[in-house]
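Since every read-out is calculated from the coordinates, none of them should be taken as a lab result. Please read all numbers here as calculations on a predicted model, not as lab measurements.
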Amino acid sequence: MVGSIFTEMLRRGWRGTVYWGIGLAVLGATISVIVPNIDMLKQMQSLMETMPFAIKALGMEDAAQIATPEGFIGAAYFGRVIIILAIYAVMMGLNVTANEEDQGIMDMLLSLPLPRWRLVLEKFTASMLMSVGVIAIGFVGLYLGGASSEIRVDTLKLIIGSINLLPSIWLMIAFTMFAGTFFRRKGTATAAAATFIMVSYVLDFISAAASESDIAKLKAISFFTYYDNAHVLQNGLNAGAIALLLGVSVILVIGSVWSFQRRDVGV
């Protein structure tokens with residue numbers, strides 16, 4: 001039955017979606033509630049002006065950006081939550097094939113009249129939907145925290161920042177899924193996904209901090225460069241960056257189907 005794998009994936013994963021979402025909501029609400037008042041934000045701006053390295057590492061062009069409620073939330077929430085969600089993305093990517101193959105369950109699944117490509121696509125689609133749920137619950141926490149704060153935050157910018165998380169999360173899920181279908185061992189797939197994320201983060205961080213050097217050119221190969229939460233909150237979604245992340249994700253999904261079709265599962 002078409003959609004049975006998709007539905008089963010959702011049935012097994014909805015609790016985790018809620019738990020992760022609540023965790024993000026608590027973090028977002030806490031950060032929104034403690035947004036400093038305007039005077040404190042100005043003081044933070046003065047302090048940050050003495051630390052140009054820190055400004056660049058946060059992806060900001062000048063200290064004035066952090067002197068706004070949205071800029072503060074961008075650095076404190078959206079700048080951190082993408083790292084937290086990297087763990088979630090790796091877990092979801094491994095759930096597509098690697099975990100069940102490691103547990104010996106995949107052999108039973110593949111004994112059914114079920115095309116391998118459908119298993120991969122339906123599980124990946126379910127993972128995408130659950131990640132939307134996590135982000136949506138996290139947004140509710142951000143919104144409620146902001147509503148109870150003395151400092152008003154632009155709700156539209158919070159929505160834009162939340163939407164901007166999705167292409168990067170889907171890319172990490174897709175890469176982990178590809179690693180899980182390509183490598184025979186779950187540990188190897190996990191290491192490959194973790195390395196991909198850490199190297200991307202380090203390249204983006206170093207490139208931002210050393211923007212005047214030749215090493216800054218390496219930022220183009222880091223997906224964190226295209227996440228770019230600071231500029232997205234200030235200027236809106238970057239259609240080109242989103243298209244690139246989604247395009248690479250599609251390539252990885254196709255690669256996952258191709259790799260899984262040709263592998264001897266369980267060997």
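Annotations
- Radius ratio Rg over Rh of region 160-244, counting only Cα atoms, Kirkwood formula for Rh: 1.03
- Our coupling estimate for region 246-253, obtained by passing each phi through the Karplus curve with A = 6.51, B = -1.76, C = 1.60 and θ = phi - 60°, is 5, x, 5, 4, 4, 4, 5, 5 Hz, Gly and Pro reported as x.
- Three-way shape call for region 65-218 based on the alpha-carbon gyration tensor, with the a/c threshold at 1.5: oblate
- For q = 0.14, 0.25, 0.26, 0.29 Å⁻¹, Debye-computed log10 I/I(0) when each Cα of region 124-178 counts as one equal scatterer: -0.44, -0.94, -0.98, -1.11
- The 3J(HN,Hα) values that the Karplus relation (6.51, -1.76, 1.60; θ = phi - 60°) gives for region 84-91 are, in residue order, 4, 6, 4, 5, 4, 4, 5, 4 Hz. Gly and Pro appear as x.
- Dividing the mean sequence gap of close Cα pairs (under 8 Å, 6+ apart) by how many residues region 164-267 holds gives a relative contact order of 42 percent.
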